[in-house]
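Report on the following structure.
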Amino acid sequence: MVAAVWLAATSTLAWAQETAPSAEQQPATTGEAQPAPDAAEGQQGPVVLRPVSVSATRNPIEAFEYPGMVTVIDPNRPDLRNASTPDDLLNRVPNVEFTGGPRRTGEDPSIRGFSGPDVVIMIDGARQNIDTGHEGRFYLDPSLIGEVEVLRGSASALYGSGGSGGVFSFQTLDADDLLAPDETIGFRVRGGYQSVNDEPMGSFTLYGKPGAGIDLLGSVTKRNSGDIELGDGEQLDSSDDIVAGLVKAGIDLHEFHRVEASFMRFDNDAEEPLNGQDFLAEDATEKSIETDTTRLAYSYSNPDDKLLDLDITLYYTDFQVDALRLDDLGAGAEGEKLKRSVDTLGFRAENSSRVEVSDGAGLVFTYGAEGYQDKQDGESASGDRDGVPDAEADFIGGFFQTELRVEEPFGFVPGEVILLGGVRYDHYSASSDIAASNEDDAVSPRVGLSYMPTEWSMLFANYGEAFRAPTINEMYNEGVHFVIPGFGTNFFVANPNLRPQTTETVEVGGGLDFADVITTGDRLSVKGSYFWIKGEDFISLSVDQPGPPSCFPPNCNGTTSASNVARAKLWGSEVEASYENERVRFGFGYSDIDGKDRDTGDHLGSLTLTSAQFTLDAALKLPEIDSIVGWRAFIADDFDEVNEGEEDLKRDGYDVHDLYFSWAPTEMVIEGLQVDLGIENIFDASYARVYTDSKEPGRNYRAAVSYSLNF
């Protein structure tokens with residue numbers, strides 16, 4: 001399908017490249033297209049640049065040329081500036097889904113059906129290895145983010161355990177994001193409000209370059225929110241009191257050497273059920289959630305040194321949640337205090353060496369090592385906390401990747417070829433007082449090929465193997481899982497003999513990318529893929545809760561345990577397309593994924609599979625009044641790929657529509673002012689995502705005003 005679209009489009013659109021110079025030959029600007037200069041001056045129009053990815057290969061590569069699917073997100077895009085949670089930033093990326101409901105503490109992201117520890121999450125290179133089951137995967141405020149990359153597909157060859165689905169890589173703000181080259185200091189103040197959960201917010205950011213080679217940034221954000229109004233008119237009990245902050249400093253030591261340090265904190269005092277994903281729960285707890293990420297990095301980059309391009313990162317992530325039961329409606333007594341802490345200490349060191357093989361051919365070798373340790377501690381009034389085992393896991397790995405770029409291969413084939421090959425070795429071990437230790441190792445290879453016969457077309461194919469080690473919670477969980485009053489109790493059962501989960505992915509696709517299609521400097525881009533995934537030893541959490549006639553209340557007790565289950569296969573497709581010029585911007589996304597047990601043919605309920613989904617974005621730029629107005633739509637088909645007896649997992653299709661408006665005047669008197677308005681779910685649709693019991697938020701009015709001043 002992708003190849004057919006590619007061939008058809010090349011024959012109908014090739015004229016665009018033949019009649020206009022390429023974007024690469026024109027002066028470029030970043031971000032959105034700016035108003036064109038006066039034609040009388042003989043200047044070219046603005047150019048919309050191709051986004052560049054770093055996470056895909058650990059070296060800068062245009063996302064369009066990468067032999068796979070990677071999306072680069074600018075949180076300062078007009079339709080994203082009012083984002084309140086990571087879900088707001090990411091939920092329009094094809095084959096990315098958030099489950100667990102709309103509470104912040106329940107949001108759990110997935111990529112291509114894989115969620116939880118099957119997805120790698122990084123903030124400035126620091127892994128976020130929180131695995132809590134019902135308390136989310138990561139905590140950060142969108143106001144502190146400068147860029148996000150979403151790498152979809154097997155990524156274990158570079159990132160180790162957890163790369164089965166892909167990678168979320170967040171880069172926090174720095175001074176260069178907010179200062180022009182001739183500016184040295186500035187500040188930004190922002191205030192906003194959204195109606196669906198009565199959430200006011202305020203932030204203040206101070207940044208500067210006080211001396212040559214020195215850049216500093218400090219930012220703090222405050223949010224308060226209450227109950228969430230759902231699309232069906234019901235209220236979901238929720239309360240958040242959030243303070244998020246970032247301090248970041250970078251110093252250039254002599255020429256080509258740089259040291260950078262950062263500290264980020266997310267602090268949330270929430271009142272909600274202990275299980276933030278359970279919208280039917282009646283219990284209430286006070287939660288104190290704190291996540292600290294401390295990072296120190298060193299880099300050496302000399303354009304004239306082809307053999308040494310070094311990056312070393314040390315990091316420490318400290319996650320802690322304390323909960324106080326406010327009633328006895330849960331699995332414990334009123335006044336019981338519960339604690340969970342997860343600490344990750346890690347490092348990553350890598351180097352890139354560049355070799356010019358011949359005219360038109362170059363090699364990049366990227367190699368390095370990574371190691372990290374996760375420690376978890378759980379406490380309750382009785383000592384150890386049920387479902388939160390005291391345990392430790394250690395990972396160490398090394399990786400090697402080659403990137404070969406050849407122009408006119410074999411001397412007669414037109415175009416350019418990029419060949420990626422890599423392999424990684426990992427060893428992990430886990431231990432706990434509850435049961436025996438578990439250790440194993442894995443080798444994860446990958447290979448990818450991109451062929452660009454012209455500057456505006458490409459075809460790609462890739463193969464990758466990935467693995468995911470069993471988590472300490474899956475191996476060592478014991479104690480009470482949940483209580484059904486008057487019916488029975490469900491208990492965790494440890495399984496220290498779990499094997500690592502492995503996958504093999506094959507992916508093919510293609511893309512088209514035209515500059516100067518309709519107007520000078522515009523850009524039309526489309527890229528799509530189809531993939532097949534085979535899995536072995538999938539780790540599945542099984543809940544066995546018997547009822548009459550096999551037992552009679554109040555003695556209907558059950559068990560919950562993790563186990564390696566039957567072989568699995570998944571398949572799906574995704575497409576991303578965009579067009580932008582100085583007057584309009586259009587975006588389109590499509591995704592679809594399905595999966596089955598390879599032995600029984602049953603649908604895979606253990607993965608976050610979805611029906612066909614479409615995203616649309618249309619924006620009109622109004623430079624005459626320094627504004628942009630846009631419309632977004634998210635459309636999901638019916639989901640009915642469930643097994644017999646699982647009809648409750650079916651979901652009706654839905655469509656959700658948003659409107660947004662942004663005004664950023666350029667007049668000197670009020671330059672730096674920015675007003676962002678939006679209405680989400682404008683028709684107040686009532687819908688639920690796949691594998692999420694709670695309905696999603698209803699109509700939401702957003703407004704924000706910011707002012708920045710740079711010197």
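Taking all Cα pairs closer than 8 Å and separated by 6 or more residues, the relative contact order of the range 187-279 comes to 21 percent. Under 22 Å of direct C-alpha separation, and excluding same-chain neighbours fewer than eight residues apart, Lys695 reaches these lysines: Lys650.
Treating the angle as unsigned and between 0 and 90°, give the value, to the nearest 10°, between the Cα long axis of helix 2-18 and the longest Cα principal axis of the chain. Long axis of 2-18 versus the principal axis of the chain: about 30 degrees.
A simple rule links phi to the HN-Hα coupling: the Karplus curve 6.51 cos²θ - 1.76 cosθ + 1.60 with θ = phi - 60°, which for the range 435-448 gives 8, 5, 6, 9, 8, 6, 9, 8, 10, 10, x, 8, 8, x Hz, with x for Gly and Pro.
Cross-link partners of Lys534 among aspartates and glutamates, defined as those whose alpha carbon lies under 13 angstrom from its own and excluding same-chain residues fewer than eight positions apart: Glu465, Glu504, Glu507, Asp594, Asp597, Asp599.
Report the Stokes-Einstein translational diffusion coefficient (µm² s⁻¹, integer) for the range 651-698, Rh taken as the Kirkwood radius over Cα pairs, at 20 °C with viscosity 1.002 mPa s. Don't jump to the answer; show the numbers that get you there.
Working: Rh = 13.4 Å.
It comes out at roughly 160 µm²/s.
Just tell me the longest site-free run in the chain, where the sites are GluC sites (Glu not before Pro) in a DSSP loop having at most 15 other beta-carbon atoms within 10 Å. Walk me through the numbers before you get to the answer.
On the way: sites that count: Glu183, Glu234, Glu255, Glu282, Glu334, Glu644, Glu646, Glu667, Glu671.
Here the longest run is 335-643.
Over the C-alpha trace of the range 261-366, radius of gyration and Dmax come out as 23.7, 74 angstrom.
Using only alpha-carbon positions, what ratio does the radius of gyration of the range 568-621 give when scaled by 2.2 N^0.38 Å?
Numbers: Rg = 16.7 Å, N = 54, 2.2 N^0.38 = 10.0 Å.
Dividing the Cα radius of gyration by 2.2 N^0.38 Å gives 1.66.
For the range 646-711, trypsin sites (Lys or Arg not before Pro) are listed when DSSP marks them as loop and at most 15 other Cβ atoms sit within 10 Å of their Cβ; the list is Lys650, Arg699. With 19 Å as the limit, the listed pairs Lys287/Lys337; Lys248/Lys306; Lys248/Lys287 have Lys248/Lys306; Lys248/Lys287 beyond it between alpha carbons.
Look at Val52, Val70 and count the other Cβ atoms within 10 Å of each Cβ; fewest to most, that gives Val52, Val70.
A simple rule links phi to the HN-Hα coupling: the Karplus curve 6.51 cos²θ - 1.76 cosθ + 1.60 with θ = phi - 60°, which for the range 244-257 gives 10, x, 9, 10, 9, 9, x, 9, 8, 9, 6, 8, 6, 9 Hz, with x for Gly and Pro. Relative contact order of the chain: 13 percent, from C-alpha pairs under 8 Å at least 6 residues apart in sequence. Applying both filters, DSSP loop and at most 13 other Cβ atoms within 10 Å, to the chymotrypsin sites (Phe, Trp or Tyr not before Pro) of the range 405-455 gives Phe412. Charges were assigned to the Cβ only: +1 to each Lys and Arg, -1 to each Asp and Glu. The resulting dipole of the chain about its Cα centre is roughly 1000 debye. The share of Cα pairs per 5 Å bin across the range 486-530, counted from zero up to the longest distance, runs 5, 12, 10, 9, 8, 8, 7, 7, 7, 7, 7, 6, 6, 3, 0 percent. The amide H of Ile185, built 1.01 Å from its N in the peptide plane, has Lys209, Phe711 as neighbours under 5 Å, considering only residues 5 or more places off or on other chains. Translational diffusion of the chain was estimated from the Stokes-Einstein equation, with Rh taken as the Kirkwood radius over Cα pairs; at 4 °C and 1.567 mPa s the coefficient is 48 µm²/s.
No lab work stands behind these numbers, since they all come straight from the coordinates. This one's a predicted model, so the numbers in the text were calculated from it and none came from an experiment. With ideal geometry, Cβ positions are generated from the backbone for all residues, glycine too; neighbour counts draw on all protein chains shown.
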